[in-house]
Amino acid sequence: MTYTCFAVDISDNIAHVQMKRPEKFNSMIREFWNELPEIINDINDNARARVIVISSTGKHFCSGMDLAVFTGGSGADERTKAADISRQRHMLRDKVKVLQDSFSCLDNARMPVLMAIQGGCIGGAVDMASACDIRYATTDAFFCIQEIKIGMTADVGTFPRLCHLIPEGWVREMAYTGRRLPAHKAQEIGLVNETYDSQEEMMTAVMATAAEIASNSPLAVAGSKTMINYARDHTIADGLDYIATWQTGMYHPADMMEAFAAKSDKRDGEYEEILPLSKKM
């Protein structure tokens, strides 16, 4: 299928989703918000890959949300068009929830999502990055909560997720000032796992990591993501209780036996795929 904002390639159990509007700095136009969840949910629901890699093209990873998403491209804010201000506020809230869901699909996907960032990761792109499992960056990359500079509060996922990824003081400084967080500092405080001198070097390393993840038991990887997300959102006691319940119901002895056999034979393991999700009765 052809998309306006993305190119999608799935091979060797890795789904590579690449933003493809470098001439527009990969801004998040209306099509972006519809296409991203469509792509990710299709990969997840139909178990098309074991890991997802998101990358971009051009000088900058993404310049953030195109304001036409809210203005309809007419230059007139939709919030000024309705006589019923209360009703318009409800409509705006619903739209924000739709935007939030466009990134929550990354968090909710059963397979890990890796992101490779070059240049600017600005505004909505920070929301997007915070919803991924692991982030990597080039040395010239930077992160910027740009919303404060246009009189807005970031509302698509940055604060609920970013506060779990880096120290709160850094979130507050970025949010209140709109300053850029350079790649070396992002790595130092844990926002990115590694930095690379070039995009080519980064993509080689990221795809190698994706391949390593894809070589493991898909069920065990999916279970690990579920447990990590649950632990993030709950107490330690709740997390321990849930992993005990999960393991009781989802543990797959055949995968463990295959892992030991593969290690003994010095080969890659051959595991059953996770099943597609059933959306109908």
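Every number in this text was worked out from the coordinates using simple rules, so none of it is lab data. Worth saying up front: this structure is predicted, and the values here are computed from it rather than measured. Cβ coordinates were reconstructed from backbone atoms using ideal geometry, including for glycine residues, and neighbour counts include every protein chain displayed.
Projecting the Cα atoms of SER104, ILE134, ALA254 onto the charge dipole of the chain, computed from C-beta unit charges around the Cα centre, puts SER104 farthest toward the positive end. The long axis of helix 218-233 is offset from the longest Cα principal axis of the chain by roughly 50 degrees. About its Cα centre, the dipole of segment 115-177 is roughly 20 debye, where the only charges are +1 on Lys and Arg Cβ and -1 on Asp and Glu Cβ. Computed about its Cα centre, the charge dipole of the chain is approximately 920 debye, with only Lys, Arg, Asp and Glu carrying charge at their Cβ.
The alpha-carbon of LYS59 sits under 28 angstrom from the alpha-carbons of these lysines, leaving out residues fewer than 8 places away in its chain: LYS20, LYS24, LYS149, LYS185.
For the chain, with a Gaussian network of springs between Cα atoms less than 10 Å apart, report the residue from GLY223, GLY249, GLY120 with the top mean-square fluctuation. Of GLY223, GLY249, GLY120, the most mobile in the Gaussian network model is GLY249.
Using the Karplus relation 6.51 cos²θ - 1.76 cosθ + 1.60 with θ = phi - 60°, the per-residue 3J(HN,Hα) values for segment 43-53 come to 4, 5, 5, 9, 6, 7, 7, 9, 8, 10, 10 Hz, with x marking Gly and Pro. Choose one of LEU181, ASN193, ALA210: the residue whose Cα lies farthest towards the positive end of the charge dipole of segment 6-214 (beta-carbon charges +1 Lys, Arg; -1 Asp, Glu; about the Cα centre). Toward the positive end, the furthest listed residue is LEU181.
List the relative contact order of segment 158-281 as a percent without decimals, with contacts defined as Cα pairs under 8 Å and 6+ residues apart. Numbers along the way, then the final one.
Numbers: 54 pairs, mean separation 23.9, N = 124.
Dividing the mean separation by the residue count of segment 158-281 yields 19 percent.
Rounded to the nearest whole angstrom, the semi-axes of the ellipsoid equivalent to segment 218-265, taken from the Cα gyration tensor as √(5λ), stand at 26, 11, 8, largest first.
Taking a ≥ b ≥ c as the square roots of the eigenvalues of the Cα gyration tensor, segment 167-252 is oblate, since a/c reaches 1.5 or more and a/b is not larger than b/c. For the chain, the alpha carbon convex hull comes to 169 Å³ per residue, rounded to a whole number.
Relative to the longest principal axis of the Cα atoms of the chain, helix 236-250 runs at roughly 50 degrees.
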